[in-house]
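Engineer: Questions regarding the structure given below will be posed in turn.
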Amino acid sequence: MKILVVGGGGREHTVIRKLRENPSVTEIFALPGNGGIAADAVCVPIGAKDIPAIRDFAVENAVDYAVVTPDDPLVLGCVDALEEAGIPCFGPRADAAIIEGSKVFSKALMSRYGIPTARFESFDALGDALAYLETAPLPTVIKADGLALGKGVIIAQTREEAVEAVTEMMRDGKFGRSGERVVIEEYLEGPEVSVLAFTDGKSLVPMVSSMDHKRALDGDQGLNTGGMGTIAPNPYYTADMEARCMEEIFLPTVRAMNAEGRPFKGCLYFGLMLTKDGPKVIEYNCRFGDPETQVVLPLLESDLLTVMRAVTEERLAEVEVRFSGRHACCVILASEGYPEHYEKGFALDIPEAVRAQVYVAGASLRDGQLVTSGGRVVGCTAVADTLADAVRDAYAVADQVHFANRFCRRDIGARALAVKEG
Ligand code: AMP
Ligand code: GLY
């Protein structure tokens, strides 16, 4: 089978490695892939948002199956275009990807179907938003409606900060069209859990839970990033909590999307806050998380391609989706200055002995040598019988990967370990 994977980050590298475990896979094309992915797939320089070029490439190369993982192409209708060209795909169509593509849509969906989430108001006029902020409880959370590279969420501690955030989004176009509408919502407290789930619109199978570390610096300080590291499973997410989330959140979401005539097929990501009033949805993503995938898929014992095709063919209930009972940790090595300004083009050295544990996110090939090309450069993953060992081993891998201006958090997994011990 010839497979096409759209995207080029650490998440896609992880997906590609896992797909290669299936012996029927003869060739994988990554569009665009990256310098590290090139060791595991044929990288083709077509951007993940160039839908007509992706479709033409898939048709010309007689691709048998396509996996679309990033948010942009999903929201832009990449799956729709490939399916129209006769290529079966893993990933939601645009009408379902809107669950991530519009926060106004997803909040309205939750309120219509009684799915627990933070109380909110949506605004499409600046004056109305500013009037609301005069009496909104603090802190308050401002969210741009559309995709904003993970930067469209502002937690405002003061009224001035809130006014500034809303004004930048709605008047100054800080996030372009994504910020023309905003959601202003209640600030929630509690541990956060990420749950990825396979769903074919008929049934839903949650994957092992995980914990992201979104802030740039140790102790959850510094700016929000795409994620500086992950562990799985998440110790806050007990079996009781999973059962509750299934009944109160996961299945109601699948039913709600069906009722709206927007059946969701693919990987649905639930960003949850376990508040004292129960689990609540902070966000939906229409795709695998990055770097959640780097800890979740290494724990998947079942064949990924088999599960994905079952989702496409709406027979997920017929296949086994089994996870090992072990633990995983992923430590991101980033370029100093990320998520703001950073330099690129430094030689990246990944010793052969640890290559299988390193997923490359931001590197390109220059004369056969890997050089850094992104903020998040690699994710170093280890799987072990205990979380403590997985954390230790992931750092041992990270310590062997070298490039100039490298930085990482040194406390990935520390909070989860404290829960376990406490
Ligand atoms: P998001 O891009 O929606 O994942 O939001 C980024 C981060 O902002 C989340 O991971 C949370 O830590 C935080 N966040 C989002 N919404 C809320 C909320 N209603 N209350 C508290 N924190 C939030
Ligand atoms: N790590 C969070 C995300 O993928 O959105």
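Engineer: Compute the relative contact order of segment 20-62 as a whole-number percentage, counting only Cα pairs closer than 8 Å that sit 6 or more residues apart in sequence.
Structural biologist: On the way: 36 pairs, mean separation 12.4, N = 43.
Dividing the mean separation by the residue count of segment 20-62 yields 29 percent.
Engineer: Going by average Cβ neighbours within 10 Å, how do the peptides 220-233, 334-347 rank, with the highest at the top? Could the numbers behind the result be given before it?
Structural biologist: Values: 220-233: 21.9, 334-347: 15.7.
Ranking the peptides 220-233, 334-347 by packing returns 220-233, 334-347.
Engineer: Turning to a different aspect of this structure: Past 22 Å, Cα to Cα, is the threshold; run Lys49/Lys265; Lys143/Lys214; Lys143/Lys174; Lys174/Lys280 against it and keep the listed order.
Structural biologist: Result: Lys174/Lys280 exceed 22 Å.
Engineer: Per residue, how much accessible area does segment 286-422 have with a 1.4 Å probe, in Å²?
Structural biologist: 42 Å²
Engineer: While we're here: Under the 0.36 nm per residue contour assumption, what length would be gained going from the current alpha-carbon distance of Ala108 and Arg355 to full extension?
Structural biologist: Values: separation 247, 0.36 × 247 = 88.92 nm, distance 4.45 nm.
Full extension from Ala108 to Arg355 adds 84.5 nm.
Engineer: How large a share of the accessible area of the chain, in percent, is made up of carbon and sulfur atoms when the probe is 1.4 Å and the other protein chains stay in place? Walk me through the numbers on the way to the answer.
Structural biologist: On the way: 8300 of 17100 Å².
C and S atoms contribute 49 percent here.
Engineer: Using alpha-carbon pairs under 8 Å, 6+ residues apart, how would you state the relative contact order of segment 55-110 in percent? Could the numbers behind the result be given before it?
Structural biologist: Details: 67 pairs, mean separation 18.6, N = 56.
Relative contact order here is 33 percent.
Engineer: Tell me, what ³J(HN,Hα) does each residue in segment 377-386 have, in order and in whole Hz, if you take phi through Karplus 6.51 cos²θ - 1.76 cosθ + 1.60 with θ = phi - 60° and put x for Gly and Pro?
Structural biologist: Each residue's phi maps through the Karplus curve to give 9, 9, x, 9, 10, 9, 10, 8, 6, 10 Hz.
Engineer: Work out the length of the dipole vector of segment 322-422 about its Cα centre, built from +1 on the beta-carbon of each Lys and Arg and -1 on the beta-carbon of each Asp and Glu, and round it to the nearest 20 debye.
Structural biologist: Here the size comes out at about 300 debye.
Engineer: Connecting C-alpha atoms closer than 10 Å in a GNM of the chain, tell me which of Val59, Val195, Val378 has the biggest fluctuation.
Structural biologist: Val59
Engineer: Tell me the per residue accessible area of segment 126-169 using a 1.4 Å probe; a whole number in Å² is fine.
Structural biologist: On the way: 2160 Å² over 44 residues.
Computed with neighbouring chains in place, this is 49 Å² per residue.
Engineer: Check Val67: other-chain or 5+ apart residues with amide H under 5 Å from its amide H, H built from backbone geometry?
Structural biologist: Residues meeting the amide H criterion: Leu4, Val5, Val6, Phe90.
The values are calculated or read from the model by the stated rules, or taken from the named source; none is laboratory data. Since the model is a prediction, treat every value here as computed from it, not as a measurement. In this analysis, Cβ positions are derived from the backbone assuming ideal geometry, glycine residues included, and neighbour counts consider all displayed protein chains. We work out accessible area using only protein heavy atoms, side chains counted, and drop any ligands, DNA or RNA first. Shrake-Rupley method; radii C 1.70, N 1.55, O 1.52, S 1.80 Å.
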